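Working notes, beginning with the structure itself.
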Amino acid sequence: MAAKEKISNNILIKNRRASFDYEFLETFTAGIVLTGTEIKSIRLGKAGLTDTYCIVQNGEVWVKNMYVAEYFYGTYNNHSARRERKLLLNKKEIRKLDTAHKNSGFTIVPTKLFIDANGHAKLVIVIAKGKKEYDKRQTLKERDDKRDMDRAFMK
């Protein structure tokens with residue numbers, strides 16, 4: 001078996017709350033700078049994006065408060081569970097994110113964490129605008145209507 005065949009691509013960690021709290025405007029896929037024990041934990045599916053956000057500092061994009069569980073077999077080399085991690089993007093994308101980050105009302109939110117075909121961890125981030133309370137109610141109503149239509153269609 002080749003090494004590419006051994007890699008499982010079924011790891012997909014989502015931030016489900018983000019689509020409820022934010023309106024997505026533009027999407028980017030970024031690589032993440034990780035240590036050895038972090039990628040092993042992510043491949044086991046032991047990560048979370050709850051309350052995670054991104055910032056732009058000195059021309060670099062950082063993800064903050066992303067939870068990656070400590071690797072069980074890690075020794076003194078184990079990582080901190082909620083450390084800041086650098087994201088890998090090109091300069092054009094970083095400029096767009098920086099402009100959006102500086103504008104009031106916009107934020108950079110991670111929505112998905114996955115392992116690509118080459119075995120690298122990737123993070124999908126979006127430029128988002130916060131929803132108001134009535135927008136959230138509208139989202140709930142649309143979801144309920146869609147569920148009702150699917151039920152009626154299945155009968």
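The values are calculated or read from the model by the stated rules, or taken from the named source; none is laboratory data. Model, not experiment: these values are computed from the prediction. All Cβ positions, glycine included, derive from the backbone under ideal geometry; neighbour counts span all protein chains shown. Protein only, heavy atoms only, side chains kept; ligands, DNA and RNA dropped before computing areas. Shrake-Rupley method; radii C 1.70, N 1.55, O 1.52, S 1.80 Å.
Which ranges mark the strands (runs of 3 or more DSSP E) fully within segment 8-111 that have 2 or more residues being out of contact with any strand residue (DSSP E or B) (no Cβ under 7 Å at 6 or more places or on another chain) and either modelled with pLDDT of 85 or more or open to solvent by 20 Å² or more (accessible area, probe 1.4 Å) (or both)? Explain how you work it out, then say what you get.
On the way: elements: 12-14, 22-32, 53-57, 60-64, 85-88.
Those strands (runs of 3 or more DSSP E) span 53-57.
Inspect all residues belonging to segment 2-14 and state whether any of them is farther than 18 Å from Asp116 by Cα and of a type outside the set (D, E, K, R).
Here is the first cut: in segment 2-14, the ones farther than 18 Å from Asp116 by Cα are none.
No, the conditions are met nowhere in segment 2-14.
For segment 96-145, name all the residues that are free of Cβ contacts under 8 Å to residues at least 12 places away in the same chain and among the aromatic types (Phe, Trp, Tyr).
Tyr134 - this is the single residue of segment 96-145 that is free of Cβ contacts under 8 Å to residues at least 12 places away in the same chain and among the aromatic types (Phe, Trp, Tyr).
Conditions (1) within 25 Å of Phe20 (Cα to Cα); (2) in contact with an Asp or Glu (Cβ under 6 Å, 6 or more places away or on another chain), marked per residue:
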{"site": "Glu60", "(1), (2)": "no, no"}
{"site": "Asn65", "(1), (2)": "yes, yes"}
{"site": "Leu87", "(1), (2)": "yes, no"}
{"site": "His120", "(1), (2)": "no, no"}
{"site": "Ala128", "(1), (2)": "yes, no"}
{"site": "Lys141", "(1), (2)": "yes, no"}
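Hey, can you tell me all the residues within segment 124-146 that are surrounded by 10 or more Cβ atoms within 10 Å (Cβ to Cβ) and assigned to a helix (DSSP H, G or I)?
Asp135, Lys136, Arg137, Gln138, Thr139, Leu140, Lys141, Glu142, Arg143, Asp144, Asp145, Lys146
Which one of these is touching a Cys at 6+ places or on another chain (Cβ under 8 Å) and either of a type in the set (A, V, I, L, M) or within 17 Å of Gly119 (Cα to Cα) (or both): Val33, Val63? Walk me through how you get there before you give the answer.
Details: Val33 fails: touching a Cys at 6+ places or on another chain (Cβ under 8 Å).
Of the residues listed, the single one that is touching a Cys at 6+ places or on another chain (Cβ under 8 Å) and either of a type in the set (A, V, I, L, M) or within 17 Å of Gly119 (Cα to Cα) (or both) is Val63.
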